[in-house]
Structure formats: C-alpha cells, structure tokens
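Note sheet for the following structure.
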Amino acid sequence: MKNLITAIAISTLFVSCSKKEAQSTPNPSDSTKIIDSINAVRTKMNDSIKAKNSENNFKDFSGDHKFTYQSQNSSIQSGSVNFKKMGRDDYDVSGNIKFGKDFITIKGSAIVVSPKHMNFTGEITQRISSNDNGKPYTRKGTKTFMSKDGGKTWRLQDMVNGSGFVDYIDIHF
C-alpha cells in the first residue's frame, strides 16, 4: 500500500512538472496599438470637455471698458477698467478714474453669476475732495454690480460712501 501511494505521488509530480503545450500569446505590438487608439479617443473627448467647460455661461466681458463715477454734487467722471478672462465667467479686474487730485481705483476679481448680477471681490478705493476733505475711502470684500438695461451698464450696489452720500460707480459694456 505504501508503494502504491508513493508511486501515485511520484507520477503526479511528474505530470504536474512536465512541459505543457505551448500557448499562443498575442503580439505585444497589437496590444500597444489598441491602447494607443483608446488613449487617442480619450484625449479627444477630454479636450472637447475642457473646451466646453471654458466657455462662458454669460456674455464675455474681456477687454477695456468705460468706468464712470457720479455723485449728487458732481458731474460724471470717466476712466477705464480692464477685464481679463481667468476662467468660465471669471475675470481679473483693474481700472481707475482720475480727475484733478481725485481718483477712484478698482482692483480684484469678478464672477458673473447671472445675466443681471456680477460679484466683485477686491477693493474699490476713492478719494474725493468733497467727501471727508479728501480722506480715502475703501470698499473691501465682495460687492455686487447689477445691470437693469440688459448688460450695457453695471452699477455698484454698495452706493453709500464713507461720508454717507450716494455715489454711482458704473461699468459700461
């Protein structure tokens, strides 16, 4: 009986260790071509998605635009403001108005959130000689510009200045 078990174990060992039939393996260059074609399709799809995601949901405001200031006791003063596109409906904003010793500067970023609303985050500094004897006043943080004429003129909604008077700060497109 011991000899029979030993014989079975030895024959099993020979059968399991014997050379098996050669199996055909696919040519590695064929799989490389398949992977490359899949990657090409994925790249094309990703590029089209990236292009679609960079399109604005709203009007493109890139470029230089008219920037105006008016208070209750002054005429309209104008300068320019530049919108540089940073992303989808997102802009870097900088500009100024100078009239005599008085000035208004705007610097920050703006995101268009609807056809009538634009959120500006940054600083709007003004020094008007008739307000607090020319002491500079700065509006900091997020402020809203709103349009009531279909996007031609956008008015700062934080209209009360440091002296308690109303200022109209507008951007014209």
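Could you give the accessible area per residue of segment 49-165, probe 1.4 Å, as a whole number in Å²?
57 Å²
Rg(Cα) of segment 43-173 divided by 2.2 N^0.38 Å?
That ratio works out to 1.17.
Would you calculate the convex hull of the Cα atoms in segment 100-173 and tell me its volume per residue in Å³?
88 Å³
Of Lys52/Lys84; Lys44/Lys107; Lys107/Lys152; Lys84/Lys140; Lys66/Lys116; Lys107/Lys148, which sit over 26 Å apart, Cα to Cα?
In this structure, Lys44/Lys107 exceed 26 Å between Cα atoms.
At 1.4 Å probe size, what's the solvent-accessible area of Phe165? Round to the nearest 10 Å².
The value for Phe165 is about 110 Å².
The values are calculated or read from the model by the stated rules, or taken from the named source; none is laboratory data. Just so we're clear, the structure is a prediction, and the values are computed from it rather than from any experiment. What goes into the accessible areas is simple: the full protein's heavy atoms, side chains included, and nothing from ligands, DNA or RNA. Shrake-Rupley method; radii C 1.70, N 1.55, O 1.52, S 1.80 Å.
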